[in-house]
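Data block below; observations after.
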Amino acid sequence: MKFVSDFSFTSAPHRPRADWHPGQVFGIGALGALCDPSIMSSLFQDSAGATPVTAQGQPVGLVRDQSGNGNHAAQATSTKRPYLARYPAGGLRNVAHGSAAVDNVAYWPATVLHNGMTSTKLASGLDTDGLPFVDIQWTGTPTGTLHQLCFAVANTRNAASVGQSWTASAIAKRTGGTLSGVYGLRVDTVEETAPATYVAAVSGNLASGEVDTISTSTRVIASGNQVRTAISLSVATGAPIDVTYRVKGLQLELGSTRTAYQHNMSQYDITEAGQRDVWALYNDAVDDALPVTVPDLGTDATIWCATEAGATITGAQTIGAGSLETLRGTRTVAFGAINRALTAAETARLTAYLNRKLAGY
Amino acid sequence: MRLTISCPVAMIPDANQLARCLGLSGADDQTFGAATWQDASANRYAAASFEASDAWFSGATSPLIEPEWGCDLAAASRAQAAIVLWIAEGETEPPLAALGKLTVVAGLDGRIALASMGLRAANDASGG
């Protein structure tokens with residue numbers, strides 16, 4: 001049996017022997033707070049700390065302070081709590097939220113009537129290539145040339161800027177029925193002006209055959225400020241149709257080419273094969289807040305955070321006693337504050353630590 | 001499903017009683033805070049965005065029951081009667097935020113939902 005002890009007065013709650021932890025900058029008399037969402041045992045769904053957070057997509061009402069000061073971040077109002085989320089360390093690209101949630105009718109509805117055609121979800125699961133798929137049958141007599149509602153495209157709306165290229169793509173193959181009256185299935189990239197005014201769209205190539213075909217479309221934003229995608233069944237009007245497609249790998253991303261698929265179960269759960277998960281607090285940027293009450297940290301305090309935008313360490317801060325917000329971006333990976341300046345060595349170690357967090361370690 | 005609610009400034013007290021009634025504790029009467037959003041006519045709104053449980057949906061569409069932590073049921077009922085609910089499915093466009101209404105958009109990202117309601121941050125000078 002091996003005993004490991006640490007009797008130093010500067011010992012911090014989380015101080016792994018192998019890896020430096022920012023808890024080590026909090027010595028005797030050092031005030032502040034330290035939040036680390038990757039330590040799931042420090043997260044609770046309620047502000048009283050009664051219900052632990054056990055998975056992504058759960059609200060976070062309490063984050064226990066890792067500095068040793070007992071300055072826990074808490075949110076008593078349930079509607080203002082952030083959610084635990086994960087995203088790939090290589091960066092979040094696929095903003096087609098729910099594209100991988102193939103058994104969730106909120107994203108892939110069971111049936112939808114549109115332009116005289118009914119889409120019916122026949123099956124869903126994981127295909128042999130590991131991609132989540134949906135088998136969808138379209139039947140009826142078209143009164144319009146498109147059926148575009150087999151996926152809840154509102155979940156793909158994303159802010160966009162003029163000049164940006166956005167690419168929507170998916171993989172499809174025909175698995176049943178006939179092409180009578182059917183041209184094929186495609187993925188469109190739709191430019192909009194918020195709230196939901198159509199500007200223009202680029203249609204992807206049609207997938208019509210019985211082998212996997214990637215339909216891709218790229219739109220350069222010309223004047224709008226929003227982008228979304230749509231899965232479109234292209235048909236002739238007036239004649240009955242009956243066709244089934246297997247659809248998988250729906251992705252909407254910045255850039256002009258399709259990249260490796262990211263499994264987007266929701267905005268709280270995005271993963272990618274070969275990429276480590278980065279754990280974060282998801283802030284809806286409407287009303288979420290997770291403040292920590294700190295004592296007076298003086299006029300030479302240091303604040304650090306890691307978000308999806310990167311790591312920052314800011315010194316010479318004046319922080320009076322009161323509430324200090326820990327949510328620093330859409331996805332907060334780490335946050336800390338201390339009542340003193342950091343040494344150059346501490347800053348270097350902290351920078352490396354925050355970058356490791358952003359790399360999913 | 002994520003709900004995003006716009007609340008005209010005059011309705012904040014009633015809406016907070018509804019939030020307290022449907023919420024998880026008395027602290028939910030702080031759901032609608034500062035009115036930091038505005039419509040095209042510069043009318044101010046508070047906003048809330050959260051993942052709503054099935055219980056929240058059923059509670060919002062049923063006769064209200066006072067929770068164990070109490071609430072002003074009359075105020076909560078006034079707010080409930082002002083709800084306009086829109087769910088992101090089909091081709092319909094979401095309703096614009098309106099005075100006298102608690103506009104609830106379900107199924108969209110919070111910021112997108114508010115933009116869909118014709119609201120922007122009151123300190124956003126871009127007008128977008």
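The values are calculated or read from the model by the stated rules, or taken from the named source; none is laboratory data. None of the values given here were measured: they were computed from a predicted structure. Every residue, glycine among them, receives a Cβ derived from its backbone with ideal geometry; neighbour counts consider all protein chains shown. What goes into the accessible areas is simple: the full protein's heavy atoms, side chains included, and nothing from ligands, DNA or RNA. Shrake-Rupley method; radii C 1.70, N 1.55, O 1.52, S 1.80 Å.
Considering the conditions (1) open to solvent by less than 10 Å² (accessible area, probe 1.4 Å); (2) assigned to a strand (DSSP E or B), A:TYR198 is excluded by exactly one of them, (1).
Could we say that B:ALA40 is more than 9 Å from chain A (Cβ to nearest Cβ) and touching a Phe, Trp or Tyr at 6+ places or on another chain (Cβ under 7 Å) here? So that I can check it myself, show each step before the final result.
Values: more than 9 Å from chain A (Cβ to nearest Cβ): yes; touching a Phe, Trp or Tyr at 6+ places or on another chain (Cβ under 7 Å): no.
No.
For the subset of segment A:18-31 comprising residues that are hydrophobic (A, V, I, L, M, F, W, C) and without any contact (Cβ under 8 Å) to a residue 40 or more places away in the chain, which member is most open to solvent (accessible area, probe 1.4 Å)? This residue is A:ILE28.
Report yes if A:ALA110 is open to solvent by 40 Å² or more (accessible area, probe 1.4 Å) and in contact with a Lys or Arg (Cβ under 9 Å, 6 or more places away or on another chain), otherwise no. Explain how you work it out, then say what you get.
Numbers: open to solvent by 40 Å² or more (accessible area, probe 1.4 Å): yes; in contact with a Lys or Arg (Cβ under 9 Å, 6 or more places away or on another chain): yes.
In short, yes.
Only residues that are open to solvent by less than 30 Å² (accessible area, probe 1.4 Å) and of a type in the set (D, E, K, R) were counted in segment A:32-57, giving 1.
Being touching a strand residue (DSSP E or B) at 6+ places or on another chain (Cβ under 7 Å), over 26 Å from A:PRO88 (Cβ atoms) and in contact (Cβ under 8 Å) with a residue 60 or more places away in the chain is the filter; apply it to segment A:333-356 and report the residue that is most open to solvent (accessible area, probe 1.4 Å). Steps first, answer last, please.
First, the residues of segment A:333-356 that are touching a strand residue (DSSP E or B) at 6+ places or on another chain (Cβ under 7 Å): A:333-342, A:347, A:350-351, A:354-355.
Imposing the further condition that a residue be over 26 Å from A:PRO88 (Cβ atoms) reduces the set to A:337-342, A:347.
Still in the running and in contact (Cβ under 8 Å) with a residue 60 or more places away in the chain: A:337-340, A:342.
Working: A:ALA337: 0, A:ILE338: 0, A:ASN339: 45, A:ARG340: 71, A:LEU342: 29 Å².
Per the stated criteria, the residue is A:ARG340.
Screening B:SER58 on (1) out of contact with any helix residue (DSSP H, G or I) (no Cβ under 6 Å at 6 or more places or on another chain); (2) within 18 Å of B:LEU108 (Cβ to Cβ) shows it passes everything except condition (2).
Just one of B:ALA46, B:ALA60, B:ALA55, B:ALA35 is within 14 Å of chain A (Cβ to nearest Cβ), within 30 Å of A:TRP108 (Cα to Cα) and open to solvent by less than 40 Å² (accessible area, probe 1.4 Å); which is it?
Numbers: B:ALA46 fails: within 30 Å of A:TRP108 (Cα to Cα); B:ALA55 fails: open to solvent by less than 40 Å² (accessible area, probe 1.4 Å); B:ALA35 fails: within 30 Å of A:TRP108 (Cα to Cα).
Residue meeting the stated conditions: B:ALA60.
Selection within segment A:91-102: residues that are modelled with pLDDT of 95 or more and not hydrophobic (A, V, I, L, M, F, W, C). The member of this set that is most open to solvent (accessible area, probe 1.4 Å) is A:ARG93. Being open to solvent by 20 Å² or more (accessible area, probe 1.4 Å) and free of Cβ contacts under 8 Å to residues at least 60 places away in the same chain holds for only one residue in A:ALA289, A:ALA309, A:ALA359, and it is A:ALA309.
Looking across A:GLN262, A:GLN251, one residue alone is polar (S, T, N, Q), surrounded by 20 or more Cβ atoms within 10 Å (Cβ to Cβ) and farther than 20 Å from A:ALA55 by Cα. It is A:GLN251.
Checking segment B:20-37 against the condition returns a match, with at least one residue being touching an Asp or Glu at 6+ places or on another chain (Cβ under 6 Å) and not β-branched (Val, Ile, Thr).
For segment A:181-194, indicate whether the set of residues that are within 30 Å of B:LEU96 (Cα to Cα), within 14 Å of another protein chain (Cβ to nearest Cβ) and in contact (Cβ under 8 Å) with a residue 40 or more places away in the chain is non-empty.
Start the filter on segment A:181-194 by keeping residues that are within 30 Å of B:LEU96 (Cα to Cα), which leaves A:187-194.
Then keep just the ones that are within 14 Å of another protein chain (Cβ to nearest Cβ); that gives A:190, A:192-194.
Now drop any that are not in contact (Cβ under 8 Å) with a residue 40 or more places away in the chain, which leaves A:190.
Yes, some residue in segment A:181-194 is within 30 Å of B:LEU96 (Cα to Cα), within 14 Å of another protein chain (Cβ to nearest Cβ) and in contact (Cβ under 8 Å) with a residue 40 or more places away in the chain.
So, of the residues in segment A:270-286 that are surrounded by fewer than 22 Cβ atoms within 10 Å (Cβ to Cβ) and of a type in the set (D, E, K, R), which turns out to be farthest from the other protein chains (Cβ to nearest Cβ)? Result: A:ARG276. There is at least one residue in segment B:11-21 that is in contact with a Gly (Cβ under 8 Å, 6 or more places away or on another chain), open to solvent by less than 20 Å² (accessible area, probe 1.4 Å), closer than 22 Å to A:ALA76 by Cβ and more than 9 Å from chain A (Cβ to nearest Cβ). Could you go through segment B:84-98 and let me know if any residue there is among the β-branched types (Val, Ile, Thr), more than 9 Å from every other protein chain (Cβ to nearest Cβ) and open to solvent by less than 10 Å² (accessible area, probe 1.4 Å). Within segment B:84-98, none of the residues are among the β-branched types (Val, Ile, Thr), more than 9 Å from every other protein chain (Cβ to nearest Cβ) and open to solvent by less than 10 Å² (accessible area, probe 1.4 Å).
Rundown of residues vs (1) within 13 Å of chain B (Cβ to nearest Cβ); (2) open to solvent by 20 Å² or more (accessible area, probe 1.4 Å); (3) within 21 Å of the chain's Cα centre (by Cα); (4) on the phi > 0 side of the Ramachandran plot, yes/no style:
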site: A:ASP129; (1), (2), (3), (4): no, yes, no, no
site: A:VAL134; (1), (2), (3), (4): no, no, no, no
site: A:THR141; (1), (2), (3), (4): no, yes, no, no
site: A:ARG157; (1), (2), (3), (4): yes, yes, yes, no
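Being open to solvent by 10 Å² or more (accessible area, probe 1.4 Å), among the basic types (Lys, Arg) and facing chain B (nearest Cβ under 10 Å), is that true of even one residue in segment A:58-66? No, segment A:58-66 contains no residue that is open to solvent by 10 Å² or more (accessible area, probe 1.4 Å), among the basic types (Lys, Arg) and facing chain B (nearest Cβ under 10 Å). Do we find a residue being within 7 Å of chain A (Cβ to nearest Cβ), more than 15 Å from the chain's Cα centre (by Cα) and without any contact (Cβ under 8 Å) to a residue 60 or more places away in the chain anywhere in segment B:110-123? Within segment B:110-123, none of the residues are within 7 Å of chain A (Cβ to nearest Cβ), more than 15 Å from the chain's Cα centre (by Cα) and without any contact (Cβ under 8 Å) to a residue 60 or more places away in the chain.
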